[in-house]
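Have a look at the structure below, then the notes.
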Amino acid sequence: MNQTANELAQAAPNPIIIDLWTDGACSGNPGAGGWAAILKSGEREKEISGRLTNTTNNLAELMAVLKGLQAIKTSATVRIHTDSRLVVGWLRDKWRRNDTECGDLSAAIEREITAKTLTVEWVEVKGHSGDKMNERCDKLATKEAQAQRITQIQNAVSYDNEPSIIELPY
């Protein structure tokens, strides 16, 4: 049987394997959020993280996956390690609910996977169970959420009524 080059490429396993650990955190739900992703391929490793305003833990979890996939520059087999049942449900098990924000993010993730010709394998990790990379990711996401919360509190404080400095004559 003759196969086209495209069929052969799809049938062959991708030689590049990237492990992607992801996590999201939220201070309040909704509230200040953070996401983190750690990418590892062989000896190479990269950490990325960021902040979200007025978000939910679910959206932070999905954002971590999207940002992690966006950091990948080539076609690869990606093993996504997550402790989020929601992430696995939306992306692997194809949950579809009325939550438009989760739907929008999962559609963006699916577009990223397709555009980069990524093969995805899901690795469900139990949260806070001693998985070193998952714990690192959790700390990064939590740090971002806490920093965002502090920023939001600082921005909420008004400095308009600050007392004037009065120069005394002595």
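Observations on the structure shown:
- In the range 15-167, the inverse of the mean reciprocal separation of distinct Cα atoms equals 16.3 Å; this is its Kirkwood hydrodynamic radius.
- Sites matching GluC sites (Glu not before Pro) across the range 23-85 that sit in DSSP coil, with at most 12 neighbouring C-beta atoms within 10 Å: GLU43
- Each residue, LYS94 and MET133, gets one label point 7 Å from its Cα in the Cβ direction; the gap between the two is 2.7 nm.
- Between ASN54 and GLY31, ALA32, GLY33, the built amide H atoms are under 5 Å apart, and every one of these is 5 or more places off in sequence or on another chain.
- Set LYS73/LYS126; LYS67/LYS143; LYS46/LYS143; LYS40/LYS126; LYS67/LYS139; LYS67/LYS132 screened for pairs whose C-alpha atoms are more than 24 Å apart: LYS73/LYS126
- Three-way shape label, the range 63-128, alpha-carbon gyration tensor, a/c 1.5: oblate
- Taking label points 7 Å from Cα along the Cα-to-Cβ direction, GLU47 and ALA107 give a separation of 3.5 nm.
- Rounded to 5, percent antiparallel among DSSP beta bridges of the range 39-148: 35
- Table column - 3J(HN,Hα) (Hz), the range 138-145, Karplus curve with 6.51, -1.76, 1.60, x for Gly and Pro: 4, 5, 4, 5, 5, 4, 5, 5
Each reported figure results from applying straightforward, stated rules to the coordinates on display, with no laboratory input. Fair warning: this is a prediction, and the values are worked out from it, not measured in the lab. Quick reminder, even Gly has a Cβ in these numbers, built from the backbone with ideal geometry, and neighbours come from all protein chains shown.
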